[in-house]
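Peer 1: First the structure, which I've put down as structure tokens, then a few questions once you've had a look.
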Amino acid sequence: MRNDTIDTRHFEGDDVRVAPLEQQWPALRFLGLGAWWAWIWLAYESTILEQGFPAENNTYYVIVMFVSSTIAVALATLAWSLRWKRTEGLVERPAVVYAFACLACAASFCQYLAGVYGAGPVFSVCAVLSGVGTSVLCVRAGQIYGSVGLGESLVGGALSLLFAVMLYFVCCGLPAVVQPLFLSLLPFLSALLFSMKVDDSFGSAELPFEGRLSELRGIMGRVVTAVALVAFTAGVGKGVSVVSYTPFEFSQIGAVCVVLVGFVSVAVLWAVNRYGAVRAASKGYTALILLGISLMMGTCFGVPIALLSVGKDALWLMFTVFMAYISFRASASPVRVFGFGQAMYFFGSVTGWLVGYAVAPYYGDMLVRAGVGLGMAMVVVVVILYLLPENRVADLVVLSGEEEAGADAAAGDEGAVPGDGAVRADGVQALAAEDAEAAVDGGAAADAAAPADGDGATAAAATGRPEGLYGYAGLPLYGLSARELEVMHLYAQGRSANWIAEKLVISSNTVRTHLRAVYNKLDVHSRQELLDFIDQGPRA
């Protein structure tokens, strides 16, 4: 059988076959999110694009940039999500992603030029265009992260933030006249990384999206509301600091926040490696919420309010992973879920900036500072106690089907019963139970339908399609194991290798190995041929 999953290239003059870069390191496509987020940090938390204006006006134009660009991103992503049926195929085309990225690149650089020539209105228009251009990068990120399970999404997000940290400081180390050009090229870098595709013969089929989101609609509403409120609180801090600080101080505190976000990203990677994705996501969410509350209370006693963006960026990573995972688990359109969630995030952030800008003239008063800190802390308390407490997060992430047996054993827990479909101590049943039982019943039915003389194909053709889930493929004649039949059944339903891996608590590489074995044993070469084999038997 031809192997479509390994595309190698042969260099002249040697016998070494080298796989393309995207196959050597599939995580590259996840880093597109990091390039996009580095653009956001440099555009919104520094004065690089505004350096052409007089120094006393730099931070004012930062506000203009942020409000204009962010509202444009929010409206555009909301529009993409409302038109998700058309947007899905559109955003998957590299040419479309590159076109919007180039729009963002050109608009960003024109903002710098507008400052050099003192054209304030042009600066505002270009800020809007940069937001529209980067909106496609946002929904494309949803497609990438919504195609994998919880663990890969969490690790990819943490790596992306580390990549963003690196790009941020590379830009800061360049000469001032080169910085705007570097910043302006980041959307194109993001599009380049997002457009890298891993050649996978066992990707998902065209599954209908309608009706699959209802099972998680409640938790989706809670996640989106929590996203907006957390973004609002951090936005208040940025709105205050952009008025209170000089341009140098504003850029300096932004760099401190970026460094701290890098440390948080390393902590997330360590936690996933140490405890597994399920526990890291659940416990990490609570830890980040408590960190945010501590920072907010600290602002009452002199902690710089701009540091709230550390908690906001870390929680943004967590919420981004949650929204992508909701899309993945419900087989819902990632553009629909991710686009709407990110739009609410940006709307909340803009509202916070405007509130912070209005409060800034009075923030020096101790009572005002204490009131703002306590008020924001109460908002986050509402999030953790009522909207999205840890048990709600556990209900979401446990849908991943990942067994915590290894982590629980290390911690001394005995609540989980090993095996697919195990019932955890908290009473949440893994979703793999139904399919596992169906696989056993289907296999028994297929075995019962097999004739005793071993000439399965001939007898089955005479009596009609064999009973059971697996049809002709379940006949002992073809030698498929129970696990291969189970994987084949889910794959025939249109599920991707990543989805099946999440469902059955095995690696995606193991799923692909089973599917290749199925293809070899049945002598089929595509999903359609597999479906035909199950229903009609081998070709004459």
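The values are calculated or read from the model by the stated rules, or taken from the named source; none is laboratory data. Remember, predicted model here, so these are calculated numbers, not experimental data. FYI the Cβ positions are ideal-geometry reconstructions off the backbone, even for glycines, and counts take in every protein chain you see.
Peer 1: Is it fair to say Ser282 is small (Gly, Ala, Ser), over 21 Å from Val259 (Cβ atoms) and either surrounded by 24 or more Cβ atoms within 10 Å (Cβ to Cβ) or at pLDDT below 90 (or both)?
Peer 2: Yes.
Peer 1: Could you tell me how many of the residues in the range 92-149 are aromatic (Phe, Trp, Tyr), closer than 14 Å to Val335 by Cα and surrounded by fewer than 24 Cβ atoms within 10 Å (Cβ to Cβ)?
Peer 2: The total comes to 0.
Peer 1: With the condition being at pLDDT 90 or above and surrounded by 23 or more Cβ atoms within 10 Å (Cβ to Cβ), I'd like the helices (runs of 4 or more DSSP H) fully within the range 288-399 carrying at least 2 qualifying residues.
Peer 2: Where helices (runs of 4 or more DSSP H) fall fully within the range 288-399 and carry at least 2 residues being at pLDDT 90 or above and surrounded by 23 or more Cβ atoms within 10 Å (Cβ to Cβ), they are 308-330, 334-359, 366-382.
Peer 1: Taking Arg279 as the residue in question, decide whether it is out of contact with any Ser or Thr (no Cβ under 8 Å at 6 or more places or on another chain) and among the charged types (D, E, K, R).
Peer 2: Here the answer is yes, as Arg279 does meet what is asked.
Peer 1: Pairs please, first residue from the range 221-234 and assigned by TED's automatic domain parsing to the domain that holds Val337, second anywhere and not in a helix (DSSP H, G or I), Cβ atoms under 7 Å, 6+ apart in sequence or on different chains.
Peer 2: Arg222/Leu388; Val223/Leu388; Ala226/Leu388
Peer 1: When you scan the range 65-73, do you find a residue that is free of Cβ contacts under 8 Å to residues at least 24 places away in the same chain, closer than 20 Å to Gln179 by Cα and not hydroxyl-bearing (Ser, Thr, Tyr), even just one?
Peer 2: Scanning the range 65-73, I find no residue that is free of Cβ contacts under 8 Å to residues at least 24 places away in the same chain, closer than 20 Å to Gln179 by Cα and not hydroxyl-bearing (Ser, Thr, Tyr), so the answer is no.
Peer 1: Could you please let me know if Val256 is assigned by TED's automatic domain parsing to the domain that holds Tyr168, surrounded by 24 or more Cβ atoms within 10 Å (Cβ to Cβ) and at negative phi?
Peer 2: no
Peer 1: Can we say Leu113 is assigned to a helix (DSSP H, G or I) and modelled with pLDDT of 95 or more?
Peer 2: Considered against the rule, which asks whether it is assigned to a helix (DSSP H, G or I) and modelled with pLDDT of 95 or more, Leu113 comes out as yes.
Peer 1: Residues in the range 153-170: is at least one out of contact with any Cys (no Cβ under 7 Å at 6 or more places or on another chain), surrounded by fewer than 24 Cβ atoms within 10 Å (Cβ to Cβ), hydroxyl-bearing (Ser, Thr, Tyr) and assigned to a helix (DSSP H, G or I)?
Peer 2: Among the residues of the range 153-170, not one is out of contact with any Cys (no Cβ under 7 Å at 6 or more places or on another chain), surrounded by fewer than 24 Cβ atoms within 10 Å (Cβ to Cβ), hydroxyl-bearing (Ser, Thr, Tyr) and assigned to a helix (DSSP H, G or I), which makes the answer no.
Peer 1: I'd like the full set of residues that are over 19 Å from Thr70 (Cα atoms) and touching a Leu at 6+ places or on another chain (Cβ under 6 Å), limited to the range 87-130.
Peer 2: Listed by number, the list holds a single entry, Val96.
Peer 1: Right, here's the next one. Return a yes/no flag: does the range 141-156 have any residue that is assigned by TED's automatic domain parsing to the domain that holds Val266 and within 20 Å of Ser130 (Cα to Cα).
Peer 2: Yes, the range 141-156 contains at least one residue that is assigned by TED's automatic domain parsing to the domain that holds Val266 and within 20 Å of Ser130 (Cα to Cα).
Peer 1: Here is a further query. Across the range 116-150, what is the total count of residues that are in a helix (DSSP H, G or I) and under 16 Å from Ser327 (Cβ atoms)?
Peer 2: So the count comes out to 9.
Peer 1: A further question on this structure: Taking the conditions exactly as written (closer than 21 Å to Leu150 by Cα and not in a helix (DSSP H, G or I)), does Arg539 satisfy them or not?
Peer 2: no
Peer 1: Looking for something modelled with pLDDT under 90 and within 25 Å of Asn57 (Cβ to Cβ) - is there at least one such residue anywhere in the range 219-234?
Peer 2: Within the range 219-234, one or more residues are modelled with pLDDT under 90 and within 25 Å of Asn57 (Cβ to Cβ).
Peer 1: Can you spot a residue in the range 75-84 that is over 16 Å from Ala104 (Cα atoms), surrounded by fewer than 16 Cβ atoms within 10 Å (Cβ to Cβ), modelled with pLDDT of 85 or more and of a type in the set (Lys, Arg)?
Peer 2: yes
Peer 1: Which members of the range 268-279 meet the condition of being crowded, with 16+ Cβ neighbours inside 10 Å and modelled with pLDDT of 90 or more?
Peer 2: Selection gives Val268, Leu269, Ala271, Val272.
Peer 1: Which residues, taken from the range 511-540, are surrounded by 19 or more Cβ atoms within 10 Å (Cβ to Cβ) and of a type in the set (Val, Ile, Thr)?
Peer 2: Val511, Val518, Val524, Ile534, listed by residue number.
Peer 1: Report the residue count in the range 466-476 for those that are surrounded by 20 or more Cβ atoms within 10 Å (Cβ to Cβ) and assigned to a helix (DSSP H, G or I).
Peer 2: 4
Peer 1: Could you identify the single residue in Gly118, Gly151 that is in contact with a helix residue (DSSP H, G or I) (Cβ under 8 Å, 6 or more places away or on another chain) and in contact (Cβ under 8 Å) with a residue 60 or more places away in the chain?
Peer 2: Exactly one residue qualifies, and that residue is Gly151.
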